[in-house]
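Notes follow once the structure below has been shown.
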Amino acid sequence: MVNENISTNKNTSNGNDKKKKGLPTWAIVLIVIGCVIIIPIIIAVVLAIVGFKYVKDNDIDIKEYIEESATMKGTIGDTLSGDDVKITLTDALIYPRIEGEAFTDTPSEGKEYLVFFFNVENIDDENNFVSIHNFTGYVDDTLVASKILINNVDNVQYLSADLTPGKKTRGYVAYEVDTNWKQFDIHYKENSFDYNDSMIFTVVNEENNQNNNNNA
């Protein structure tokens, strides 16, 4: 009788000590990956399909829609406002050369200087640095680099200022262009990480366009 009790107790103890097995670690990892990665991808695909159907049904030009909604456009005399700054293109003038007291800025043969004059106001509640590097120029749809001149232009310095909230500055952005240019678009980005330009100012060389019309 004693031996039977010992055997029974031993078997009972082994049954209680045996633990239930859960999901293996690799299975848990796969479930987590599925929730974090796969489900958002499925949602994104569904939204893309719905969005594409909406665009197709309404005959929307996506590129044109983005440019019109995200980019403000103007010309000489216009004031455009972004999230951080308000910019006015006060003038755009052509110079065959720019003379100073000790030096004359002279463009290459067959070229001239096209100089844009801007008034800039910081409308943000933080400091903003604005310079010629915020601008990109396109002459007749061709990218052209800005030009830093030795001299001031009509007593105006090239644009470069660290503006505290509410402060204003004036400066120029200059380009060297062919004398037969027809249209110039100067694009402004508030920072280099922006995908779209926030402002575009366009000027037209009326004299060259008129000559082309007369020769046509």
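Where in the stretch 69-90 does the amide nitrogen come within less than 11 Å of the point 7 Å from the Cα of Asn119, taken along Cα to Cβ? Counting backbone N atoms under 11 Å from the label point, the list is 77-79, 87-90. Net charge within 13 Å of Asn128 by Cβ-Cβ distance, Lys/Arg positive one each and Asp/Glu negative one each, not counting Asn128 itself? Within the 13 Å Cβ shell, the charges total -4. Between Tyr95 and Glu126, the simple label model (points 7 Å from Cα in the Cβ direction) yields a spacing of 3.5 nm. Near Glu109: Cβ cut-off under 14 Å, other residues only, Lys/Arg at +1 and Asp/Glu at -1. The net charge is -1.
I want the local charge near Arg97. Using Cβ-Cβ distances under 10 Å, sum +1 for each Lys or Arg and -1 for each Asp or Glu among the other residues.
On the way: positive: none; negative: Glu99, Asp105, Glu112.
Local charge sum for Arg97: -3.
When the listed pairs Lys86/Lys189; Lys73/Lys168; Lys86/Lys168; Lys111/Lys189; Lys111/Lys182; Lys86/Lys147 are checked against a 19 Å cut-off, the alpha-carbon distance exceeds it for Lys73/Lys168; Lys111/Lys189; Lys86/Lys147. With unit charges on the beta carbon (Lys/Arg positive, Asp/Glu negative), name the residue among Ser146, Thr164, Val177 whose Cα is farthest towards the positive pole of the charge dipole of the stretch 144-210. Going by the Cα projections, it comes out as Thr164.
Since every read-out is calculated from the coordinates, none of them should be taken as a lab result. Just so it is clear, the structure is predicted and the values come from calculations on it, not from any experiment. Every residue, glycine as well, gets a Cβ built from its backbone with ideal geometry; the counts of neighbours run over all protein chains shown.
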